[in-house]
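A short write-up of the structure that comes next.
The numbers here are math on the coordinates, done by the rules we state, and not lab data. Keep in mind the model is a prediction, meaning the values are calculated, not measured. Cβ sites come from the backbone with ideal geometry, for glycine too, and all protein chains shown count toward neighbours.
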Amino acid sequence: MPTPTPPLCPVHRTPMTPKISAFGPWFLCVEPDCDYRVSADRRTGEPLGTPTDAAGREARKRAHAAFDALWRRDYEGNSRRRSRCYRWLASVLGLTEAECHIARFDVARCDEVVRAVQALTAGRADWRGVLLSARFDPPRDSAEAEKGTPEWGLA
């Protein structure tokens with residue numbers, strides 16, 4: 001297995017150091033008092049997102065809590081449902097499916113995720129039907145994403 005390339009700390013622009021914790025592998029900034037870190041894949045050691053500070057990690061937790069509830073509730077076949085929910089989220093945020101990973105989002109984008117989920121589910125008994133029946137076509141590439149996309153399911 002090749003050694004993964006450590007990500008750079010976005011503040012200090014220095015390579016981050018790999019560490020192992022009870023939660024799995026991480027990359028941490030080597031500078032004292034720097035709180036930037038990112039988790040890594042247990043098998044490959046590759047970073048699972050972009051490095052962030054405590055505020056970013058908390059925002060990602062909020063975004064995941066809101067978003068994951070869409071595909072985890074009362075359903076079997078969660079992997080298919082999860083993919084469909086990510087297609088919906090990508091279309092709402094104007095991202096490609098490849099770009100649509102909460103572990104790569106900053107605080108503002110995480111707040112957008114929470115608002116999008118709230119807009120979809122608030123006062124709507126049919127929100128599951130929106131996710132099941134609508135056709136979501138997220139942008140295929142960055143150029144298409146810049147054109148903007150309709151907010152599927154939020155009308």
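A few notes on this one:
- Positions within the stretch 4-29 being exposed (fewer than 13 other Cβ atoms within 10 Å of the Cβ), touching a Ser or Thr at 6+ places or on another chain (Cβ under 9 Å) and outside any strand (DSSP E or B), in sequence order: Phe23
- Among the residues of the stretch 42-53, those identified as under 17 Å from Leu8 (Cα atoms) and more than 15 Å from the chain's Cα centre (by Cα) are Gly45, Glu46, Asp53.
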